[in-house]
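To start, the structure itself, in structure tokens.
Just so you know, all these numbers are worked out from the coordinates, no wet-lab data involved. None of these values were measured; they are calculated from a predicted model. All Cβ positions, glycine included, derive from the backbone under ideal geometry; neighbour counts span all protein chains shown.
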Amino acid sequence: MQVSNDRVCMSLSPPAHDLVWEDWGDIYTVYQRSSAETHVFNETTAFVLNELLANATTLNRLIDVTMEAMGLKESELVARDLTWAAKRLEELGLIELRSEAALGS
Amino acid sequence: MTVRELAEQHVAKLLATKGIAVQLGPFAVRIQSDLGWLTSLIYSLYSPYPLAPAGAFIDFHVAVTRARGLRRWMRPQVQFCVDGYSPFVPYVAEHALPALEWGINWCMATRSHHLLMLHAAGVERNGHAILFPAWPGHGKSTLCTALIHSGWRLLSDEFGLVRPDDGMLVPVPRLIPLKNESIEVIRRFRPDARIGPSFLKTRKGTVAHVQPPEDSIRRAQEPAQPRWLIFPRWVPSGSVTLEPLSKGQAFVMTATNAFNYEVLGETSFRLVTEMVRSSDCYTLRYSDLDQAIDAIDRLTSLSP
Amino acid sequence: MTTRALETQRAQQLLLDAVRSPEKLPSLSMPDWELLVRVARRCRLLGRLEADLTRADLIDRIHPKVRDHLKASRHVIEHRKCLVSWEINRIVWALEGVDAPLILLKGAAYVLARLPPARGRIFADVDLLLPDLFVRVIEERLIERGWIQLPLHPYDDRYYRTWMHEIPPLRHRERGTEIDIHHRLLPRTSRFRSDPAKLFEAATPIEAGSRISVLAPPDMVLHSLIHLFLDGDPNEGLRLRDLLDVHDLLCHFGQEPGFWDVLVPRARELGFERPLYYGLRFVHRIFGTPIPAAVSREIRDAAPNWLIEKIMDRLFTLALLPEHPDYRSRWVALARQLVYLRAHWLRMPPILLARHLAVKAYLRIRGVRKSLDLARLDLKQQ
């Protein structure tokens, strides 16, 4: 990431409010009505979407909350995972990322 | 009325003219062909199949005819046509029957989107069905053939048709194509199984067709409730293992194995979810058919 | 009349009656339904019949076996619509910050603008019209954001870029929908010289504040005519369903005040009078589209000479109307080939055409496969 995570604001996009969830214990299968796609989400991704359902947040705050909730210690690993998940979710059209500078890849 | 109740000459004449309408599960298929050797094969292998009722709506109008063009003089070729069109490559004349069977598969796969089509074999006993979703080459046709000669009714060896309204499996008990070594395996397993001639050097190797037991064909209009999802995998050696599979995994493997999962959108998602939720899911690894069948018998007689 | 001729006429009449008067369909006999389903499927109008019956609340009066086929086509169409709409959503996301006008063409426009041709119709691709100077940057941006260029033979790639009005199609690496990016409606080589700038000027946003636009109504009608006559297929010749699109658009826009007054002048302005002449002629003949007498008079001077008109009448009719599936005709196949050739001729000058056809024939012989191999086919549907 080339830009401070404080400046990356994340929020759910409209299609994310129109998902059909199924919890299988180890994974979630999710049907996205807007795209007719079926996704397989792990615990982390589900957690992110759930958090954003409550309110928009920044990537940094999301990393903190996730670490606490899932009892994780390696912040750099978490940051990398969440950044990747965020970009992926944005590509799938489920979240919107707003930043003042261009996102690094 | 079945095909065999007509005289062979009469069937040949029908095939060469307006065609013969056969009921293959839910589909009424009109077949036409003027190729003599094909008509006698059709008469023999399709003998127990019911003719479509008079006045029935014909779902597919198919034909296997001589291919046109220069090549017919060098090496005779045939082509499969549906509704008078053939967007398909021609085949050597000897492969007319495999061409017919593959062609009917194509018709089903492209036109039956009122149903969810899983890529799966299915068998039924005592009102409950096992589905074997699998990729080609993992032995599901061989296993399926062995099962239907061991007390199970054939639902399908390729297309697991699911009715969206109630999730029931719609039988389509067609000829089962066996490939290469499987042909000999089944001949040894059940010497009295009715197997058609072997077609060599097709694009899928050597192919021969098994005629399902007549009971399976007679009961083609009886749907079945799925009860077990078993993912089979044949291995060259080792004893049989039947292990529970996580339902999440079963969902993913079943959905990715379907012919038209995406087309039915949310309906597919719900149907496969419900099927997995209400079924017991296993992976089956086997090298010996008898062992595999025993394991399946034990599993399915345990559960109520 | 021979059996062949009678049956062919019966097949054609069944289809046209079904499209023109769907309310009569519940009383159709089973043999008639069987033929109708086959013919409609061939013309890709099966979904249209389903949509009309559903809209008129008649679908439950149709025999269950027939209904299965209709339902099947509905599912495919609904799925495609979803894919097309979503693809456009993703394109808009990908092109954020790129300040180029984006005009949707054909099916994508009909679906998003909720126009009548979208009813019961399959649209496979997304067609976009952009100004020439933005094409490169947009192509690059899409590739950056996950789209890939479909691999093409170098001849085709050059053909597209140099002579045609499109760049080679793009497809997202995970999704199946193709995007065709056009910078003009017709190739540079075409006999119809037409300036895309005028189309951009008249285009309107799909809805207030939307990033994407559609062509103005007369331009949309004219483009659908261009597509009908010039985007041919050697097997299908002219597609009846493309003519039906024209009919739908004319009926829809024809109710808007001023539409008929500007249609012919606009055709002249863009250089599309001849296609408009033929289009109005056939759409009225086949679908009974109501066309004001004044308009018919106005377009009359764009007619070809008497002989050509007679030939085209015969050719187009043969090419447009469906055959009976059991009575295929070589004349029809020939007519379709001729119409296809004509379409190519209109798109490029003779020398280029000869070379193009020669290369395509060479590519075909070398095994650039066009036929389906049933044995190897993956029957999974997108």
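Run a plain Debye calculation on segment B:26-116 (Cα atoms as equal point scatterers, no solvent) and give log10 I(q)/I(0) at q = 0.20 Å⁻¹, rounded to two decimals, same order as the q list.
Taken in order of the listed q values, log10 I(q)/I(0) reads -1.00.
Restricting to DSSP loop positions (anything but H, G, I, E, B) with no more than 10 other Cβ atoms inside 10 Å of their own Cβ, which GluC sites (Glu not before Pro) remain in segment A:19-105?
In loop regions of segment A:19-105 (DSSP not H, G, I, E or B), the sparsely surrounded GluC sites (Glu not before Pro) are A:Glu74, A:Glu100.
How many times 2.2 N^0.38 Å is the alpha carbon radius of gyration of chain B?
Ratio of Rg to 2.2 N^0.38 Å for chain B: 1.00.
If a/c stays under 1.5 just call it rounded; otherwise compare a/b with b/c (prolate if a/b is bigger, oblate if not). Do that for chain C, with a ≥ b ≥ c from the square roots of the Cα gyration tensor eigenvalues.
Cα axes put chain C in the rounded bin.
With point charges of +1 on the Cβ of Lys and Arg and -1 on the Cβ of Asp and Glu, referenced to the Cα centre of the protein assembly as shown, which listed residue (B:Thr110, B:Val123, C:Ile103) lies farthest in the positive direction of the dipole?
Positive-most Cα among the choices belongs to B:Thr110.
List, largest first, the extents of the alpha carbons of segment B:147-275 along their principal axes, each in whole Å.
Computed over segment B:147-275, the largest-to-smallest principal extents equal 43, 37, 31 Å.
Counting other Cβ atoms within 10 Å, which GluC sites (Glu not before Pro) in segment B:214-297 have at most 13 and lie in a DSSP loop?
none
Under 24 Å from the Cα of C:Lys198, which lysines turn up, not counting those fewer than eight places away in the same chain?
C:Lys106
Only bridges with both residues in the protein assembly as shown count here: give the DSSP antiparallel percent, nearest 5.
Bridges in the protein assembly as shown are about 75 percent antiparallel.
For chain C, what does the helix formula give at 222 nm: sum of -39500 (n - 2.57) over DSSP H segments with n ≥ 4, over the residue count, nearest 500 deg cm²/dmol?
-18000 deg cm²/dmol
Between Rg and the Kirkwood Rh of chain A, both from Cα atoms, what is the Rg to Rh ratio?
In chain A, Rg relative to Rh is 0.95.
Please give every one of the lysines within straight-line cross-link reach of B:Lys201, meaning a C-alpha to C-alpha distance under 16 Å, and leave out same-chain neighbours fewer than 8 residues apart.
B:Lys179
Rank C:Ala94, C:Leu112, C:Leu70 by how far each Cα sits towards the positive end of the charge dipole of segment C:17-134 (+1 on Lys, Arg Cβ; -1 on Asp, Glu Cβ) and give me just the farthest.
C:Leu70
Taking the alpha carbon gyration tensor of the protein assembly as shown, what are the square roots of 5 times its eigenvalues, largest first, to the nearest whole Å?
So the three semi-axes of the protein assembly as shown are 45, 40, 23 Å.
Among the DSSP beta bridges whose two residues both lie in chain B, what percent are antiparallel, rounded to the nearest 5?
Rounded to the nearest five, the antiparallel share is 70 percent.
Pull up the cross-link candidates among the aspartates and glutamates for C:Lys65, meaning alpha carbon to alpha carbon under 14 Å and not fewer than 8 places away within one chain.
Within the straight-line limit of under 14 Å, C:Lys65 reaches these aspartates and glutamates: B:Asp59, C:Asp32, C:Glu34, C:Glu50.
Using the Cα gyration tensor of segment B:80-197, with a ≥ b ≥ c the square roots of its eigenvalues, what is the shape: rounded (a/c below 1.5), prolate (a/b larger than b/c) or oblate (neither)?
Oblate, because a/c is 1.5 or more while a/b does not exceed b/c.
Do any GluC sites (Glu not before Pro) in segment C:189-279 lie in a loop, going by DSSP, with at most 10 other beta-carbon atoms within 10 Å of their beta carbon, and if so which?
C:Glu207
Could you work out [θ]222 nm for chain B from helices alone, using -39500 (n - 2.57) per DSSP H run of at least four and dividing by all its residues? Round to the nearest 500 deg cm²/dmol.
Value at 222 nm, helices only: -9500 deg cm²/dmol.
Only bridges with both residues in chain C count here: give the DSSP antiparallel percent, nearest 5.
Taking every DSSP beta bridge within chain C, about 60 percent pair in antiparallel fashion.
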